[in-house]
Structures are given as C-alpha cells and as structure tokens.
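The values are calculated or read from the model by the stated rules, or taken from the named source; none is laboratory data. Predicted model, so just to flag it, every value in this text is computed and none were measured. Every residue, glycine among them, receives a Cβ derived from its backbone with ideal geometry; neighbour counts consider all protein chains shown.
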There are 2 protein chains.
Amino acid sequence: MNGASRPTSGEPSGARAAVVPPASRLEQDERWARAALGFLVEPGHTGLVPMVKDLGAVETLAAVRAGRAGRAAETYVRLPDLDVRRIATEVQRVGARVVVPGDPEWPVRVEALRRPPLCLYVSGSADLADDTGRSVSVVGSRMASDYGRAAAADLGEGLASRGWASVSGAATGIDAAVHRGTLAAGGCTVAVLACGIDRVYPRTHGRLLEAVRQHGAVVTEMPPGSAPLPRRFLARNRLIAALSRATVVVEASLRSGSLSTANEAATLARPVAAYPGPVTSATSAGCHRLLRHHVAELVTNVDEVLELAASIGEELAPEGVGEIRPTDGLDPVEHQVWSVTPLRRWVDPADLASAAGVDPALVPRAVAVLEALGLLDRDGDRVRKASPPAG
Amino acid sequence: MNGASRPTSGEPSGARAAVVPPASRLEQDERWARAALGFLVEPGHTGLVPMVKDLGAVETLAAVRAGRAGRAAETYVRLPDLDVRRIATEVQRVGARVVVPGDPEWPVRVEALRRPPLCLYVSGSADLADDTGRSVSVVGSRMASDYGRAAAADLGEGLASRGWASVSGAATGIDAAVHRGTLAAGGCTVAVLACGIDRVYPRTHGRLLEAVRQHGAVVTEMPPGSAPLPRRFLARNRLIAALSRATVVVEASLRSGSLSTANEAATLARPVAAYPGPVTSATSAGCHRLLRHHVAELVTNVDEVLELAASIGEELAPEGVGEIRPTDGLDPVEHQVWSVTPLRRWVDPADLASAAGVDPALVPRAVAVLEALGLLDRDGDRVRKASPPAG
C-alpha cells in the first residue's frame, strides 16, 4: 500500500476511497509506522527520531509497543490512544497524502535538520520536492502593518514572477499577505501548519488554505486532529526554514515567532534576510534586531532576496542608480568650471579660472567639453550655463 | 597678532575692532599665511597641503609668490586676487576667528584626514576642540520625509540629553532637524559650511545659523566670500566626518551627498551608522545601500548610536525586550502542560499528560509550578487555565 500516491488529475480527492488496511498491517509499513510514531511524540523527539534513523520506523514502533524504546515515560504516554488506521482514514478523507523519505516528493532539504520530521502530511497540487527546490520562506508578524503586508504581498508576487515558490505559515498578517501575493501572480505557495492537515487554523483562513491547496500545497508534520499548541509553532517554524532555500522576515516585533524561523535558518546555514522599516514601528523592531546582530542581511526587494537565495551568480540584483544628472561623468576641472559659470550672465571663459581655482590653460578644453555636452551656451566669445531642459 | 582670540563674554563681537596689520606682516604669521594659502587653492590641494606640512605656511606662501611651488598652474591662478588683509578684516567684521594647528581650539581629530584643512574659520560660543570631542555627525537628505526629520530631531535631542554634541551641515531637511533638535534640548551643535563664514546658505537658514552660533559653533574651511560650489560640499562632508567620533545617516536617497560623508567616515575608520526606513521610501534607499554593503551599522535610537560612538564599554545600549509574557521562563514540560489545559473546562491533571506528550510523572510538579505562578486555577482535584488578568 502506498499512502503517498496522489489523486489522479481530474479525479476528486478521496472519490475512490480505497479500503484502509487494518492497523496490524499498517504498522508493518514504514510509511504508516512513521505516521504512528509521529502521533506518539512531539516533533523532533530526542529519543525516537534518532532511533528511526538507525532501526527504521517499523522496528522502532515495535520497540515502543514492547516498552523497549528507552525509559522516557513521555514516549509511551499516548500509546493507549494510538490508532494508525484512524490516521490513515483521516488522511484519505481530507484528500491528503503522507510523504516519507524515499518518496520522490520527499523534500530532502529537511534532512538538514538535526531531528527531521518522521513524515509530512501534504495536501494540494504542488510537488513538495520540486516546488520547494526553488523557494523562499517569507515570514513575519501576525500584527503586521499596512506597510509590512504590502511589502510581503509584493515579495510573494515578485517570487512568482521570477518562477520561485513562497513558503509561509498561513497565519494572519505577513504570512497571509505573501501567500495571497504569490497566488495573485499565478505562482506556487506552500503553507506549513502547526496543527493537523484536517484543521483550519486560523479559522478565518479556510478559503485561503483552499486556494493554497489548488495552486500549491499545505504541509504539516502533525498527525490529523492535532491542535496548534505553542511549542508546535516552534517546530513548524524550523520546518519552514528547512523547506526553503532562504528565509526573509518582512516585519517582526521583538517577540515575533518569525524570529525563531530566522534563527533556525541561520543554524541551517541558509541565507537569512530581513526587511527594514521605520525605527518608530514596533513591528519592525525584530527585523532591526536581526540586522543589528548580523543574523540577517538587509533586503528591500525580490531581486535582492533572490541574489541571496539563488546559487552564486544565478540571480544578481541590479544596483539602484538614483537620479541621473547631466554633470555625471565630468572630470574635476570640467565640473568646477561648470559650477562657477553663471546661469544668466555671459562671461569670458578666461575669467572663470580664478573662481574655479583651476589651471587657466585647461579652461578652453573644459569649456569645449561642456559645450559639446549641452551644459554651456555660447554667444560669440562668451559663455553661460545652459538652462536646464524644461521638465 | 592672534586672530584666534575669542570675543570676551559680554562684549559684542567686533565691538573693539583691532587695527588689522598690513598684508606684508600678516603673511609672516603662520595663521594668516595658512588663511592666504586656503584662499589660493581649493580644500585638500595635493600640492600645497603637503608642502605646508613640511615647510610651514609662511615659507610655502613665499614659495608660491616666487613661483617655486610646483608647476601646477592652478596653484597660482588666484594669486592676483589674494588680499589677506581683506580676509582678516572680514573675519573680524563677522565676529569669527581663524583656528590653526597648535591653537587650544584646533580639533586635532581632523588631522586624520589625508589632506587636512589649512585653517578653520569658526564663529560661535562653543570650543571646537572640546565640544567636538564627544560629538556625532548626523547627516542626510535635504529632501527628507517627515519620518526622517522627526528621527533626526529625536537623535539631536537624545545626543544633547546625554551630553554629546551634534555636527551637521546646516542644510534643509535632516541637517536642520538635527541642529534644531539639539538646540531645543539645550545641547551643543556644530554646523559645518561649504561656503565662507560670512555667508548664509541656504538663505532661509539665517536664524538657524544664529542660534547655532549662540549655543554651538559655525565652522568652515573656506575663506570669507567663498560661494558654496558643488565640489566644496564634498570637501565639507569630509570635514564633518573628520570632526566627529561617528557619523549617522538618518535618511539619504541614492544620490545624497550625505553618502560621501559616510564613506569618508568609513575611510577614517570612524564608526558609521544608518537609520533604516520603509523599503518604499526613496529617501531611505541610500541608507539601505550603506547597510547592505556593510559600510554602516543599523541603528534605531540614540543609545545604539552612542554604543558605536563611545569608547568601548562607555555607553552600552540596552537591548529591547518586547512584551513580557506570564509564561516566560516556564520549562518545556510546564509550558506544554499549560498549553493543553483548557481555559473554561475543569480537568484532572492526570488527563493532560497524553495531550501534552509528556511523562505523566512530571505533570504534578508542573501543575504545582503553574498554580504557584497564578497560571492555573484549582477546584479540588481539577484545574483549568487562569483567566488572563483584566488589562
């Protein structure tokens, strides 16, 4: 049995509900044994995650059932409630899939975590491995300002237009803005949840999550039915950082959870960036702290984000140039002669040398250059500054 | 004769106008010979400034008069117009003083420049050496936003309240805001001009410059009568950087002259800082570039500025802490137990272990801690989350 098989296109998810095998058979399957273990313990469990890596999930689960998985009582506390068949049924019911290491869709990038997820519950049209391969996490405050939401939406749109996916946490504020910006530009976006794949959190985001599923994917490490407890947000944040090539914090207060995503990305040696904002804005104070401590690089647009996220030389951000002035490129003598030439009064160029403090012998050449550039007007032997062209 | 003597307090400047000696005698005086050379060439002249360092100003001036000061024709171009007596008369007329190396008021800090000023024209109540000893340059765009002006005024005020002087360029926008903020808080501020000490530039800043003179100083390297030519602003900017312990750019477009002040400070290995702003603001783009290129450190208030400007350990900026939450300091088990405890329903603590995924044996202690902290209410054997205290 392969719980990871995705619904064929055109076929409503869960329409051809396969009969779910009994628990005893599911527990003999690495995929479902991983799901079972993920039900027993919280993400990143110090005992079971390494044990699975060594022994595999089927054997680890058998060890738990036999009381041979270490002495930590919390390993066994949920054993009476374990019903892997119910997990499989729920996954099927909501049209999701369980992705484990070895599956083509498994995002190997998450293996960089010290204790990677045992399995991932995925729902949506995206291929998690493919689409996060060129992705950037964009995270930030739930209590975002208009400025922050606009910047996040712009960034989501910019990523989409450059063929990159966005990854975020489906929360209000920055998260929702980046998902929406990406979707509006026809891009792929991935929402990583801190609760079960069957739950809508926050409750007002049912429609947003449905749109993410249609054009991207909703992902979680938590089994169906799991509530979004505070510590699970930290686990979720580490997953957001691990799934993407780089992490950008758009707005964050000093206590924003998005700072943990940034720190996790830094721990993984992935690029971390932050948007600046007004120094008077509490929702930028967390970004400014990341920048002050050099945890994050300052970025102001998608080009600069992709320069960090992309492989070296792949996406180079153009430098802003500011206003172009007609006097750009003048040499010091030309510039000094030009600046002492009056705008309204005609003067003999020979009279400019003293005011300019330049060698009189250099003045004729400077005047010729300035005239050729249209910066000086000439009337016989005399010159004056050319009027700036009308607007 | 000592042109650097400052007017005695209570005596209107210029009230007892001394008779100005003839030029021949003035040119024998190092002070006035320096002033004369400063009239002949633009600031930072590659020929005369090193020559003065080697031979002294009197000898250098004699060499110029004899045509023995190198072949560069621009060294001699203003010689016919040189009238050092007129300079001295003008200085006296406007109640200014000429400060040269060796004077107690000479700010030795400027000697860090590759080609320091030959002399400084100073007007005002401050002692230039003393008051710039603990000073920060605050510079930025003339076309500043309300945000930038408010931040600059705040910073000027903050510097004053901490006993530091501000240095800026008396321009509109950021410069004016920092001068005014410092003055409003009763502090000392120094305005460095790109024109002669006798000129008011910009014209609308006559009253501001008068206030700066009363509570600080107006300074320039240019002799009286000099116009504020574009290249003199660059020379002036290097002087602003050299006079102060650190330079802060509050707002700057990509073409703002204040970026040259920042680069000059960096060249002098003085601390450089920049305020962030919205990524949508063109007047912050220059600051963001300085930060992206790690020319400047990001700062958001006077504490952070002084941490950079002060000697190591002298002024440490307090870290922002964000909101304090009652659950801060809980250990992971306590936090997880607290987060699964319902707010409205009474539960048996023993029932919390599975939901929390923690060792049941650890629950009683966690509950006791949470109760002691007022985070749980108890009703006989049962508990529930304590309601958050009313705002």
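Checking residue A:334 against (1) crowded, with 22+ Cβ neighbours inside 10 Å; (2) among the acidic types (Asp, Glu); (3) facing chain B (nearest Cβ under 8 Å): exactly one of these is not met. Which one?
Every condition holds for residue A:334 apart from (3).
If residue A:277 satisfies all but one of (1) away from chain B (no Cβ under 12 Å); (2) part of a loop (DSSP other than H, G, I, E, B), what's the number of the condition it fails?
For residue A:277, the failing item is (1).
Listed here are the residues, each with its yes/no results for (1) outside the structural domain of residue B:358 (by TED's automatic domain parsing); (2) closer than 27 Å to residue B:144 by Cα.
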| residue | (1), (2) |
| --- | --- |
| B:286 | yes, yes |
| B:289 | yes, yes |
| B:293 | yes, yes |
| B:300 | yes, yes |
| B:314 | yes, no |
| B:318 | yes, no |
| B:339 | no, no |
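Residue check: is residue B:329 at positive phi, within 52 Å of the chain's Cα centre (by Cα), facing chain A (nearest Cβ under 7 Å) and outside any helix (DSSP H, G or I)?
Spelling it out, it is not the case that residue B:329 is at positive phi, within 52 Å of the chain's Cα centre (by Cα), facing chain A (nearest Cβ under 7 Å) and outside any helix (DSSP H, G or I).
Can you pull out the residues in the range A:355-391 that are surrounded by fewer than 17 Cβ atoms within 10 Å (Cβ to Cβ) and within 14 Å of chain B (Cβ to nearest Cβ)?
Residues satisfying the conditions are A:361, A:364, A:365.
For (1) outside the structural domain of residue A:210 (by TED's automatic domain parsing); (2) in contact (Cβ under 8 Å) with a residue 60 or more places away in the chain; (3) assigned to a helix (DSSP H, G or I), each residue gets a yes or a no:
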{"residue": "A:33", "(1), (2), (3)": "yes, no, yes"}
{"residue": "A:67", "(1), (2), (3)": "yes, no, no"}
{"residue": "A:70", "(1), (2), (3)": "yes, no, no"}
{"residue": "A:109", "(1), (2), (3)": "no, yes, yes"}
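Go through the range B:312-331 and give me each residue that's over 30 Å from residue B:359 (Cβ atoms), among the acidic types (Asp, Glu) and either surrounded by 10 or more Cβ atoms within 10 Å (Cβ to Cβ) or in contact with a His (Cβ under 6 Å, 6 or more places away or on another chain) (or both).
Correct list: B:314, B:315, B:319.
Okay, residues lined up against (1) in a loop (DSSP other than H, G, I, E, B); (2) over 18 Å from the mean Cα position of the chain (by Cα); (3) at positive phi; (4) more than 13 Å from chain A (Cβ to nearest Cβ):
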{"site": "B:234", "(1), (2), (3), (4)": "no, no, no, no"}
{"site": "B:256", "(1), (2), (3), (4)": "yes, no, no, no"}
{"site": "B:290", "(1), (2), (3), (4)": "no, no, no, no"}
{"site": "B:304", "(1), (2), (3), (4)": "no, no, no, no"}
{"site": "B:308", "(1), (2), (3), (4)": "no, no, no, no"}
{"site": "B:320", "(1), (2), (3), (4)": "yes, yes, no, no"}
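Among the listed residues A:142, A:85, identify the single one that is under 23 Å from residue A:273 (Cα atoms) and surrounded by 15 or more Cβ atoms within 10 Å (Cβ to Cβ).
Numbers: A:85 fails: under 23 Å from residue A:273 (Cα atoms).
Answer to the selection: A:142.
Conditions first: (1) over 41 Å from the mean Cα position of the chain (by Cα); (2) within 11 Å of another protein chain (Cβ to nearest Cβ); (3) of a type outside the set (Lys, Arg); (4) buried (at least 19 other Cβ atoms within 10 Å of the Cβ). Residue A:296 passes all but one, so which condition is the exception?
(1)
What pairs come up if the first residue lies in the range B:9-29 and is modelled with pLDDT of 90 or more, the second is in a loop (DSSP other than H, G, I, E, B), and their beta carbons are under 7 Å apart, counting only those six or more places apart or on different chains?
Sorted first by the residue in the range B:9-29, then by its partner, the pairs are B:21/B:1; B:23/B:83; B:29/B:1.
Yes/no per residue for (1) out of contact with any strand residue (DSSP E or B) (no Cβ under 7 Å at 6 or more places or on another chain); (2) assigned to a helix (DSSP H, G or I); (3) free of Cβ contacts under 8 Å to residues at least 12 places away in the same chain:
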site: A:136; (1), (2), (3): no, no, no
site: A:180; (1), (2), (3): yes, yes, no
site: A:187; (1), (2), (3): no, no, no
site: A:212; (1), (2), (3): no, yes, no
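Has the range B:179-186 got at least one residue that is aliphatic (A, V, I, L, M) and within 21 Å of residue B:274 (Cβ to Cβ)?
So in the range B:179-186, the residues aliphatic (A, V, I, L, M) come out as B:183-185.
From what's left, within 21 Å of residue B:274 (Cβ to Cβ): none.
Checking the range B:179-186: not a single residue is aliphatic (A, V, I, L, M) and within 21 Å of residue B:274 (Cβ to Cβ).
Pull up the range A:58-81, narrow it to residues that are surrounded by fewer than 19 Cβ atoms within 10 Å (Cβ to Cβ) and of a type in the set (A, V, I, L, M), then point me to the one that is farthest from the chain's Cα centre (by Cα).
A:66
Would you mind finding the one in A:170, A:144, A:126, A:152 that is in a loop (DSSP other than H, G, I, E, B) and within 14 Å of chain B (Cβ to nearest Cβ)? Break it down stepwise before answering.
Numbers: A:170 fails: within 14 Å of chain B (Cβ to nearest Cβ); A:126 fails: within 14 Å of chain B (Cβ to nearest Cβ); A:152 fails: in a loop (DSSP other than H, G, I, E, B).
Unique residue meeting the criteria: A:144.
Kindly indicate whether residue A:185 is within 13 Å of residue A:249 (Cα to Cα), over 10 Å from the mean Cα position of the chain (by Cα) and modelled with pLDDT of 95 or more.
no
Can you name every residue in the range B:101-125 that is of a type in the set (A, V, I, L, M, F, W, C) and either touching a Ser or Thr at 6+ places or on another chain (Cβ under 6 Å) or surrounded by 24 or more Cβ atoms within 10 Å (Cβ to Cβ) (or both)?
Result: B:118, B:119, B:120, B:122.
Say we look at the range B:77-89 and pick out the residues that are within 9 Å of chain A (Cβ to nearest Cβ) and assigned to a loop (DSSP other than H, G, I, E, B); which of these is farthest from residue B:224 (Cα to Cα)?
B:77
Okay, residues lined up against (1) surrounded by fewer than 24 Cβ atoms within 10 Å (Cβ to Cβ); (2) free of Cβ contacts under 8 Å to residues at least 40 places away in the same chain:
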residue: B:225; (1), (2): yes, no
residue: B:229; (1), (2): yes, yes
residue: B:239; (1), (2): no, no
residue: B:242; (1), (2): no, no
residue: B:249; (1), (2): no, no
residue: B:252; (1), (2): no, no
residue: B:263; (1), (2): yes, yes
residue: B:267; (1), (2): yes, yes
residue: B:272; (1), (2): no, yes
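Do you know which residues across the range A:45-57 are touching a helix residue (DSSP H, G or I) at 6+ places or on another chain (Cβ under 8 Å), buried (at least 19 other Cβ atoms within 10 Å of the Cβ) and more than 10 Å from chain B (Cβ to nearest Cβ)?
A:48, A:51, A:52, A:57
Find the residue count for the range B:333-391, including only residues that are more than 15 Å from residue A:73 (Cβ to Cβ), charged (D, E, K, R) and not in a strand (DSSP E or B).
Residues in the range B:333-391 being more than 15 Å from residue A:73 (Cβ to Cβ), charged (D, E, K, R) and not in a strand (DSSP E or B): 7 in total.
Yes or no: residue A:220 crowded, with 24+ Cβ neighbours inside 10 Å and more than 13 Å from chain B (Cβ to nearest Cβ)? I'd like the intermediate steps shown before the answer.
Values: crowded, with 24+ Cβ neighbours inside 10 Å: yes; more than 13 Å from chain B (Cβ to nearest Cβ): yes.
Considered against the rule, which asks whether it is crowded, with 24+ Cβ neighbours inside 10 Å and more than 13 Å from chain B (Cβ to nearest Cβ), residue A:220 comes out as yes.
Looking only at the range A:258-274, how many residues end up being within 11 Å of chain B (Cβ to nearest Cβ) and not in a strand (DSSP E or B)?
Total meeting the criteria: 1.
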